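To keep things clear, I will list the structure first and then write my remarks on it.
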Amino acid sequence: RLTVRDIDVKNKRVLVRVDFNVPLGTDGRITDDGRIRAAIPTIDYLVENGAKVIIMSHMGRPDGKVVPSLSLRVTADRLSELMRHPVQFVNECVGQKVEEVVSGLNDGDILVLENLRFHAEEEENAPVFAEKLARLGEVFVDDAFGTAHRAHASIVGVTKFLPAVAGLLLEKELVSLGHILEKPARPFCVLFGGAKIADKVKLLENVMDKVDTILVGGGMAATFLKADNYEVGKSIVDEKIDLAAKLMAKAKKYNIKFVLPKDVVVTGDLTPDARGICVPVDKIPPLGRVVDIGLLTINLFTKELERAKTVFWNGPMGIYEMPQFAEGTKTMADVISRLHATTIIGGGSTAEIVDELKLADKMSFVSTGGGSSMLFLSGEKLPGVEALLKKNEKAAV
Ligand code: 3PG
């Protein structure tokens, strides 16, 4: 594998793609800076080795428009605090102004560019945009494991125009996940929650030959319960309900234990002081909305997790942001942290939860990628990694 350690970066303008897609509170402050901290080893390395460091990232989904609340300025400030090193910021990511700022950089300087997704061409992977980005650097370093599953201009497009290598975080993620998932100790149990079922159904389909147990909680449980003929009241049911039914049938064929909640916490409204009641899944009231897993389910999931030798967890068990509906998620985090098993925390919001609960160092590996770690788990290729491999085909990869 070709990484930043294998190239000479001294005096060079190094364009680094990171994933600074960090969560912001209602006051616009960063609520979890894990992804910024995770990018520091590469940035440090570059500074120490005399490079001019130009950092690019996306934040949120502004859909090609300038959304001031999604400016990366806050991440530049936080990076500066964390590194105790000045970090410049420029409120564009391509164009003349940026090129001027870049040409004024000295060795060891750090510059953060504005949110790439303020330009629709980023997600379209438009070659003209990729070329404009590439013009800013002499070498490209991809350290954005969390976005490696997106074939965007700053990830895939730029590799056509510049020498391209992996950063230290990308390397660490690929080596650690690869090592754990190559031959996972069995039983292998995955715990899925969160909402984005459409993304996860396909992944679940692809892991059938690798896992022994699938536990489903959180927002996506309602869709599976509905597919299993339960009434789920006012819970959000994904339109991919057919896929959920097919998935359960497939799990049966593969002899996989597919475990849905037996009881859930439901509420009628989502105001801050909303109360929930715990009901069996066949008693969800017509106006109820599923917001957490119930006690029976917590015990059931705990038993399954305790039998496992490898565990992969992605997605909260309910509306974790509301403390009264966070019990299931917190308990699962706690249970997983105590297991005598290899435990992998897949990504974005799940990593934040584990961090917040101060359990991160009790897990075998906490990945900075949600979607990307799940794609990795499913054995599919990550466009970001493929682009680097293709670029360096002839080098010692
Ligand atoms: C993530 O948080 O999963 C990555 O930053 C990618 O973000 P996206 O799902 O908006 O592409």
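None of the figures in this text is laboratory data; all of them are computed from the coordinates on show. Worth saying up front: this structure is predicted, and the values here are computed from it rather than measured. When we count neighbours, we look across all protein chains shown, and the Cβ atoms used for this are built from the backbone with ideal geometry, even at glycine.
Which aspartates and glutamates have a Cα less than 17 Å from the Cα of residue 262, not counting those fewer than 8 places away in the same chain?
Hits, sequence-local ones excluded: 228, 231, 282, 292, 304, 327.
Find the all-direction average of the projected area of the Cα convex hull for the chain, expressing the result in square nanometres with one decimal place.
For the chain, the mean projected area of the Cα convex hull comes to 19.2 nm².
From the backbone phi of segment 76-92, what are the Karplus-calculated ³J(HN,Hα) couplings (6.51 cos²θ - 1.76 cosθ + 1.60, θ = phi - 60°) in whole Hz, Gly and Pro given as x?
5, 5, 5, 4, 4, 4, 5, 8, 6, 8, x, 10, 8, 9, 10, 8, 8
Can you find, among 247, 271, 68, the residue sitting farthest towards the positive end of the charge dipole of the chain, where Lys and Arg contribute +1 and Asp and Glu -1 at Cβ?
247
Which of 330, 183, 132 moves the most in a Gaussian network model of the chain with Cα springs under 10 Å?
Looking only at 330, 183, 132, the largest GNM fluctuation is found for 183.
With a ≥ b ≥ c taken as the square roots of the eigenvalues of the C-alpha gyration tensor of segment 232-376, please select rounded if a/c is under 1.5 and otherwise prolate if a/b is larger than b/c or oblate if it is not?
Taking the square roots of the gyration eigenvalues as a ≥ b ≥ c, segment 232-376 is oblate.
Could you list, in their original order, any pairs among 172/391; 65/200; 183/362 whose Cα atoms are separated by more than 25 Å?
Working: 172/391 20 Å; 65/200 28 Å; 183/362 21 Å.
Distance filter (> 25 Å) returns 65/200.
Which stretch or stretches of segment 277-299 have amide N atoms under 14 Å from the point lying 7 Å from residue 231's Cα along the Cα→Cβ direction?
280-289
Loop only per DSSP, at most 13 neighbouring Cβ atoms within 10 Å: give me the GluC sites (Glu not before Pro) in segment 263-330, ordered by residue number. It would help to have the intermediate numbers written out before the result.
Values: sites: 304, 306, 321, 327; in loops: 321.
For GluC sites (Glu not before Pro) across segment 263-330 that sit outside H, G, I, E and B with at most 13 neighbouring Cβ atoms in 10 Å, the list reads 321.
Under the rule of at least 5 residues apart or a separate chain, name every residue whose amide H is placed under 5 Å from the amide H of residue 258.
It is 214, by chain and number.
Using only Cα atoms, locate the centre of segment 113-136 and the centre of segment 172-230, then give the distance between them in Å, rounded to an integer.
33 Å
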